[in-house]
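What follows is a single structure, written as C-alpha cells, with notes after it.
The values are calculated or read from the model by the stated rules, or taken from the named source; none is laboratory data. Nothing here was measured: the structure is a model prediction, and the numbers come from that model. We place every Cβ from the backbone using ideal geometry, glycine too, and count neighbours over all the protein chains shown.
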Amino acid sequence: MAQADTYFDAPHRDFAETDEALRVRRVATASEAFERDAVDGGLAAAIDAVLDGEHLAEGESRVTYKGPLLEAESKSREEFETLVGSGETAREIFSRLGFDPAATVRKLRETHHVDGFEVLLDAVEGVGEYVEVETEVETDGEVEAAREDAYALLRRLGLDPDDQIRTSYLGLLLADD
C-alpha cells in the first residue's frame, strides 16, 4: 500500500516542543496489477502510481493525533485515529483553522502480522527503508513487557534492537532539508 502523511503545525503551540503530531493520512491499496508489474521510475513513481489511482484497488483517509512520548525507548505514545470521508476536506478544514501543513511523508508499506505484532516494512521517499514493530497495550504498566516481546521478535527476525532509530520519519525527512 502507499501512504501520504501530511503533518500540520498548530497555531497555538509548537508540536516539536510538545512532542505531539497531527496528520492526515491518505492510504491507497495497490491493485494486483501493481503487485505483478514492477513500476519503472523508482519509489516516487510507484507511490504516485498508487495514490493517483493508476494502480489503485481501494483507498481511505484518516486523521491521527499522536500525544507526547510515554516511554522514549519504545516510542510509546497515546494515539487517536479516525477515518474521514475525504482527506482533502480534512486538510482544508485544518488549514482554515490555522493549522499549516509542515511536511508530507510518502511511503510504500507492507504489513505482516506476527505473534500479536504488526511488522511494517516501509520504503520512505527521501529517507530510506525501515522495519517497524508495533502493538497496542491497554495500560502504561504493559509497555515494558510489550517492548521486551518486540525486541525478542526483532531478534528472531535477525535484527538487532540496539540498532533502532527512534526518530520519526517526519523528523528524518525534515533533518535532510
I'd like to verify a number: residues in the range 127-154 that are touching an Asp or Glu at 6+ places or on another chain (Cβ under 9 Å), farther than 24 Å from ASP5 by Cα, surrounded by fewer than 18 Cβ atoms within 10 Å (Cβ to Cβ) and charged (D, E, K, R), how many? 3
Residue count for the range 93-126, restricted to those that are farther than 19 Å from ARG62 by Cβ and of a type in the set (Gly, Ala, Ser): 4
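Per-residue answers, yes or no, for (1) within 22 Å of ALA123 (Cα to Cα); (2) surrounded by 11 or more Cβ atoms within 10 Å (Cβ to Cβ); (3) at pLDDT below 65; (4) in contact with a strand residue (DSSP E or B) (Cβ under 8 Å, 6 or more places away or on another chain):
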position	(1), (2), (3), (4)
GLU32	yes, no, yes, yes
LEU51	yes, yes, no, yes
PRO68	no, yes, no, yes
GLU73	no, yes, no, no
Among THR89, THR167, which is assigned to a loop (DSSP other than H, G, I, E, B) and of a type in the set (Ser, Thr, Tyr)? THR167
Examine the range 134-156 for a residue that is within 13 Å of the chain's Cα centre (by Cα) and in contact (Cβ under 8 Å) with a residue 12 or more places away in the chain, and state whether such a residue exists. yes
